[in-house]
Amino acid sequence: MLKIIPWDILFIIINLIVLYVILRLVLIKPIRGIIEQRQQIIDSGLQNAAESEKNAKAIEAEWKEKLDSAGTQSAEMIEKAKLDAKAEYEKLVSEAKGEAERIVSKARKNMDEEREKVVQELQTQAAGIALDTARKVLESSDLADVNKSLYDKFLTESGDGHGSESN
Amino acid sequence: MDIGAEIAKELEIETVFTIPVFGGIPVTETVVVMWIIMAIMIIGGFLITRNFKIKDCSKRQLIVESAYTMLENFFKGIVGERGAAYVPYLIILMCFLIISDLFGVFGVKPPTKDVSFTGVLAVFSIVIVQMAGIKANRPSGWLKSFAKPTPVVLPINILELGIKPLSLCMRLFGNVLGAFVIMKLIECVVPVFAPPVLSLYFDLFDGCIQAYVFTFLTALYIQEAVE
């Protein structure tokens, strides 16, 4: 019953070793391999997710900062534009004022000159007309003395420049 | 009829055939049954791990994976992280013992009923345990472990080297033998109905329990050794 056969033992030892080696290759290795591969995929997926989250947060922070700086920048720009516009406005206004004054003064000067010229022309014309009139009167009239005095009077009056109405 | 003589005859390990070299190598029943079990396990193992995928697994793959993970976690829980390298050995050993014990149900003499087989298994276990101890604690640490917790227990620890495998061997052999003897007795007393029902207990249940106990104890020894 408890007989021990040496060949039996040898066979059993060989059998067990062969069984262990083959089963490790055939059964354990594929199962472990698949579980490890899956674990790797899960791990890398989790890692990727963590990295993406980190990146997203960094981008969000960056955008926030940019947005803030854009707000202050735009305010600055508006301020600057206002100042620029005011300066420009003042410059334009002062220029326009200067121009207007220049034009006005020029116009005034022109007007003065024109008036003087007109006055002089009128005086000259009046003198001519008076002379003509006087000569005609003198040539045709017998009242030479009376006319002569009238003529003198007219001459003095128009020479003073007050005779524009009577013409 | 003489029950004793019949049981004794049944317990005899018969030589199935002889390989005609070196003056004839006897091949016993145990070895032949082992070959059958090995063939079943290897072909079965090859078949159940075919077409394994990472995604969209089949039900078969899920069952195999969860069973493997369960066994792995169970044995890892016993041997600890430092003994994790020995988990595949324990899993294969357990599967082999369960299948070989189940063979008794089909009326085949299970290899576990041969004391040579259980003896070899026990020696394997103790060799692996000692190797684990040497690997984990270096030879010096392994030698010192015999004098722990106090040097007084040194002889007992040395005796354990022989006692542990002997107890493993005899427990498995004795249980299977006992179950077998009881089954034979029952068959003689009540030949109808009782044998198949009780066979479920003595062959199936007891076989699984013994396979579990054997691997569990081996795992415990490994854990003790690598500690």
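Details
- Helical content of chain A, expressed as a calculated mean residue ellipticity at 222 nm, amounts to -32500 deg cm²/dmol (DSSP H runs of 4 or more residues, -39,500 (n - 2.57) each, divided by residue number, nearest 500).
- Test item: Cα-centred dipole of chain A, Lys/Arg +1 and Asp/Glu -1 on Cβ, debye: 2140
- Within-14-Å neighbourhood charge of B:Asn73 [Cβ basis; K, R +1; D, E -1]: -1
- Angle in degrees between helix B:115-144 and the longest Cα principal axis of chain B, rounded to the nearest 10: 0
- P(r) tail for chain B: Cα pairs beyond 31 Å make up 35% of the total.
- Projected-area average for the stretch B:1-108 over all orientations - Cα convex hull basis, square nanometres: 11.8
- Cα-based reach from B:Lys164 at 18 Å (exclusive), listing aspartates and glutamates while leaving out same-chain residues under 8 positions away: B:Glu224, B:Glu227
- Normalised alpha carbon radius of gyration of the stretch B:69-172 [divisor 2.2 N^0.38 Å]: 1.25
- Rg and Dmax, both from the Cα atoms of the protein assembly as shown and both in Å, are 62.8, 209.
- Trypsin sites (Lys or Arg not before Pro) within the stretch B:35-84: DSSP coil, no more than 13 neighbouring Cβ in 10 Å: B:Arg50, B:Lys53, B:Lys55
- The shape of the stretch A:1-103 can be summarised by an equivalent ellipsoid whose semi-axes, obtained from the alpha carbon gyration tensor, come to 95, 10, 6 Å from longest to shortest.
- Net charge over other residues, Cβ less than 12 angstrom from the Cβ of B:Gly45 (K, R count +1; D, E count -1): +3
- Placed amide H near B:Val16: partners under 5 Å, 5+ positions off or other chain: B:Val27, B:Thr28, B:Glu29
- Report summary: the helix-based calculation at 222 nm, which adds -39500 (n - 2.57) for every DSSP H run with n ≥ 4 and divides by the residues of chain B, gives -24000 deg cm²/dmol.
- In nm, spacing of pseudo-spin labels at B:Asn73 and B:Ile3 (7 Å Cα→C-beta vector): 4.6
- Positive minus negative residues near A:Arg108 (Lys, Arg vs Asp, Glu; Cβ under 12 Å): 0
- Subset of B:Lys53/B:Lys76; A:Lys97/A:Lys117; A:Lys29/B:Lys55 violating a 28 Å alpha-carbon distance limit: A:Lys97/A:Lys117
- Across peptide A:30-39, the average count of Cβ atoms from other chains found within 10 Å of a residue's Cβ is 5.
- Around the Cα centre of the stretch A:2-56, unit charges on the Cβ atoms of Lys, Arg, Asp and Glu (plus for the first two, minus for the last two) sum to a dipole of about 260 debye.
- When only Cα pairs below 8 angstrom with a gap of at least 6 residues are kept, chain A shows a relative contact order of 15 percent.
- For chain B, the relative contact order works out to 26 percent when only alpha carbon pairs closer than 8 Å and six or more residues apart are counted.
- Contact order relative to length of the stretch B:111-216, as percent, for alpha carbon pairs under 8 angstrom and 6 or more apart: 31
- Given charges at Cβ of Lys, Arg, Asp, Glu: the protein assembly as shown dipole, positive-most of A:Leu25, A:Ser158, B:Leu204: B:Leu204
- Test item: Cα-centred dipole of the protein assembly as shown, Lys/Arg +1 and Asp/Glu -1 on Cβ, debye: 2680
- Site pair B:Ile163 and A:Leu155 shows an inter-label distance of 17.6 nm when each label is modelled 7 Å from Cα along Cα→Cβ.
- Exposure proxy shown here: for A:Leu46, B:Leu172, the number of other Cβ atoms within 10 Å sets the order, fewest to most, as A:Leu46, B:Leu172.
- Largest to smallest principal axis extent of the C-alpha atoms in the stretch A:21-159, angstrom: 171, 25, 13
Any read-out appearing in this document is the output of simple, stated calculations on the displayed coordinates, not a laboratory observation. On a predicted model such as this, the values are computed, not experimentally measured, just so you know. Cβ: placed from backbone, ideal geometry, glycine included. Neighbour counts: every protein chain shown.
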